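Read through the structure below, which is laid out as structure tokens, and then see the notes.
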Amino acid sequence: MARRFFLFERLTRYGPVEIGRALTRDGQKGYLASCTSDQCGWSADYTSYGAVCMAAKGHRCRIK
């Protein structure tokens, strides 16, 4: 089950994918990656910065 984040801080961007750090209401930290291309809709959350960077660099949009 995905965690619900309420506080978001943008960290960096790889192509159309933005990476940010976020907090849940109970104080847990996490990292988010989401594609900003129109109609893509891809996003994922991770517990480590290295994992979120690998996912962002490896993302390929199916929308053309």
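The values are calculated or read from the model by the stated rules, or taken from the named source; none is laboratory data. Please read all numbers here as calculations on a predicted model, not as lab measurements. A quick note on method: Cβ atoms are made from the backbone with ideal geometry, for glycine too, and the neighbour counts reach across all protein chains shown.
Quick check: is even one residue across region 10-21 modelled with pLDDT under 80 and outside any strand (DSSP E or B)? No, region 10-21 has no match at all. In region 17-37, the residues that are farther than 21 Å from Lys57 by Cβ form Cβ pairs under 8 Å with partners that are surrounded by fewer than 14 Cβ atoms within 10 Å (Cβ to Cβ) and basic (Lys, Arg), at six or more places apart or across chains, as follows: Leu23/Lys29; Thr24/Arg4; Arg25/Arg4.
Scanning region 30-64 for residues that are surrounded by 16 or more Cβ atoms within 10 Å (Cβ to Cβ), within 11 Å of Ile19 (Cα to Cα) and either among the hydroxyl-bearing types (Ser, Thr, Tyr) or out of contact with any Lys or Arg (no Cβ under 7 Å at 6 or more places or on another chain) (or both) yields Tyr31, Leu32, Ala33, Ser34, Cys35, Ala44, Tyr46, Val52, Cys53, Ala55, Ala56. When the residues of region 22-34 are filtered to those that are of a type in the set (A, V, I, L, M) and under 8 Å from the mean Cα position of the chain (by Cα), the one that is modelled with the highest pLDDT is Ala33.
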